[in-house]
1. Considering only residues that are under 11 Å from the mean Cα position of the chain (by Cα) and within 12 Å of chain B (Cβ to nearest Cβ), look in the stretch A:1-25 and name the one that is nearest to residue A:84 (Cα to Cα).
2. Being within 22 Å of residue A:94 (Cα to Cα) and surrounded by 20 or more Cβ atoms within 10 Å (Cβ to Cβ) narrows it down to one residue among B:52, B:66; which is it?
3. Conditions first: (1) surrounded by fewer than 15 Cβ atoms within 10 Å (Cβ to Cβ); (2) more than 12 Å from the chain's Cα centre (by Cα); (3) within 14 Å of chain A (Cβ to nearest Cβ). Residue B:10 passes all but one, so which condition is the exception?
4. Condition check: buried (at least 22 other Cβ atoms within 10 Å of the Cβ), touching a strand residue (DSSP E or B) at 6+ places or on another chain (Cβ under 8 Å) and over 22 Å from residue A:4 (Cβ atoms). Does residue B:46 satisfy that?
5. For the stretch A:51-109, which fully contained strands (runs of 3 or more DSSP E) count at least 1 residues that are farther than 15 Å from residue A:20 by Cβ?
């Protein structure tokens, strides 16, 4: 069975501080990981995926297979980054996406 | 505001009643999904459909039913057998199952169901 764990339900940082949202997964196959974000009064949307290896809105995430982690990082948080963030794991068949419990990021001025 | 349309936005139901939540997409996506969102539990997959006239159970399918008679429509029925139906329900779609577009989900705005 595949499982995604986001240990922090709430993360509060000041503007300009670094931020790291943790995500750990368990999966016996070759994982494909995603970060989805939901800003206030907006729909849930894809932020980034590990196979793209891109930085979106200053966020990056590296897949660490040894530690089974896919932490989301940003060196300098902005107030507009405040949102709910979900880590997600896809199975090999690509037909099932399992989400973590989510972390609410609050960036204080 | 194209993409995925869910209706109704809010729904109240008495215990023992079945209710159906609508999900329509105009993205020409093959795959569609229903998730349940509860505080602190993230999103849990109820059902998914990879193609018309085919659907599969997700992690929490008990008490729910779906149909996929048309590519653009994937309605969810919450039956009286669902023991704790009060929740926020999200519909999503993706271009295809497998391949580079898989799991790049487009979400609807959601439907909030409250059982009185």
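1. So in the stretch A:1-25, the residues under 11 Å from the mean Cα position of the chain (by Cα) come out as A:4-6, A:20-24.
Now narrow it down to the ones that are within 12 Å of chain B (Cβ to nearest Cβ): A:4-6, A:23.
On the way: A:4: 16, A:5: 15, A:6: 12, A:23: 13 Å.
For the stretch A:1-25, the residue satisfying everything is A:6.
2. B:66
3. All conditions pass for residue B:10, except number (3).
4. Numbers: buried (at least 22 other Cβ atoms within 10 Å of the Cβ): yes; touching a strand residue (DSSP E or B) at 6+ places or on another chain (Cβ under 8 Å): yes; over 22 Å from residue A:4 (Cβ atoms): no.
In short, no.
5. A:83-90, A:97-99, A:103-108
FYI, it's all coordinate maths here, none of it is from the lab. A quick note: this is a predicted structure, and the numbers were derived from the prediction, not measured. Note that each Cβ is placed from the backbone with ideal geometry, even for glycine, and that neighbours are counted across all protein chains shown.
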